[in-house]
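Shown next, in structure tokens, is the structure this report addresses.
The values are calculated or read from the model by the stated rules, or taken from the named source; none is laboratory data. These numbers come from a predicted model, not from an experiment. Glycine also receives a Cβ, built like all others from the backbone with ideal geometry; neighbour counts cover every protein chain displayed. For the accessible areas, the whole protein counts, side chains as well, though only heavy atoms, and no ligand, DNA or RNA atoms are used. Shrake-Rupley method; radii C 1.70, N 1.55, O 1.52, S 1.80 Å.
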Amino acid sequence: MLGEHKVGPLSGKRVLVTSGPTHEPIDPVRYIANRSSGKQGHAIARAAAELGAEVTLVSGPVSIPDPPGVTVVRVETAREMLAAVEARMPVDAAVFCAAVADWRVAQAGEEKLKKDGSGPPSLGLVENPDILATIARRKEGRPILVVGFAAETEKVVEHAKAKLARKGCDWIVANDVSHTGEPGSGVMGGDRNTVAIVSAQGVESWPDMDKSDVARKLAERIATALKDKQW
Ligand code: CTP
Ligand code: CA
């Protein structure tokens, strides 16, 4: 709340978190989406607020409640998410947890597509902007600390290292989603996560944890990094 001084290791810091999937319209009633629940991103926003940060959560469509003590900006598409993120700059730390749709339909139908007897429509796709890379590569007003996520189904650390370099962020939180669709950890929509923090310093593997514990540990690590000016 404005004027209210929150006490904690992130007190006085501005933190932005993206969360959830994006929805990319095909026509007014249909869209492309993914299995992201928003649980991990929402938990990170909550944990940062609990450590005293002024937190904005930019979220795609999710069915979970808003975290307490956080300003929530709701968006649908990747392009809306990028605009909302840019509007909140500058911040001290930005955590990009959203499962942004990589592609959108080039020409979404203005009216509902109909079966007209000529067979299925072909959906011409174009690539969405990379929100994380856009912010991480900013010349001016770049957050001090930029954290990305990487959901991988194989060669998790190898792919995360490549993403770190390609996107220009400071850390990649790599998680193994190879078991999506099965019960247990690393399931999109599940409550637990097994992650590794990949940075220029190396790879730090965390044990399997509840998403809320991953969030708290990450928020504490962000607080320490901002305090020590070292990551
Ligand atoms: N991301 C983003 N904007 C996009 C795509 C991804 O901000 N258009 C962010 C995600 O929020 C995440 C990180 O980039 O923090 C990695 O996302 P991921 O989907 O793993 O990487 P991609 O570069 O899209 O590669 P791929 O899906 O091909 O593995
Ligand atoms: Ca992707």
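Details
- When restricted to residues that are within 16 Å of ligand 2 (Cβ to nearest atom), open to solvent by 80 Å² or more (accessible area, probe 1.4 Å) and within 18 Å of the chain's Cα centre (by Cα), region 110-146 contains 1.
- Selection of region 90-109 for residues being away from ligand 2 (no atom under 13 Å from the Cβ) and either without any contact (Cβ under 8 Å) to a residue 24 or more places away in the chain or β-branched (Val, Ile, Thr) (or both) yields Val91, Val95, Val105, Ala106, Gln107.
- Contacts under 8 angstrom Cβ, first residue in region 53-79 being over 14 Å from Val17 (Cα atoms), partner in a strand (DSSP E or B) and small (Gly, Ala, Ser), 6 or more apart: Val62/Ser19
- Annotation: of all residues in region 168-190 being modelled with pLDDT under 90 and among the charged types (D, E, K, R), the one that is surrounded by the fewest Cβ atoms within 10 Å (Cβ to Cβ) is Glu182.
One line per residue, one yes/no per condition, for (1) open to solvent by 10 Å² or more (accessible area, probe 1.4 Å); (2) touching a Gly at 6+ places or on another chain (Cβ under 9 Å); (3) under 20 Å from Leu123 (Cα atoms):
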{"position": "Glu24", "(1), (2), (3)": "no, no, yes"}
{"position": "Ile44", "(1), (2), (3)": "no, no, no"}
{"position": "Ala49", "(1), (2), (3)": "yes, yes, no"}
{"position": "Leu57", "(1), (2), (3)": "no, yes, no"}
{"position": "Ile64", "(1), (2), (3)": "yes, yes, no"}
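- Any hit, region 147-162, residues being crowded, with 17+ Cβ neighbours inside 10 Å, under 19 Å from Glu86 (Cβ atoms), more than 9 Å from ligand 1 (Cβ to nearest atom) and in contact (Cβ under 8 Å) with a residue 12 or more places away in the chain: no
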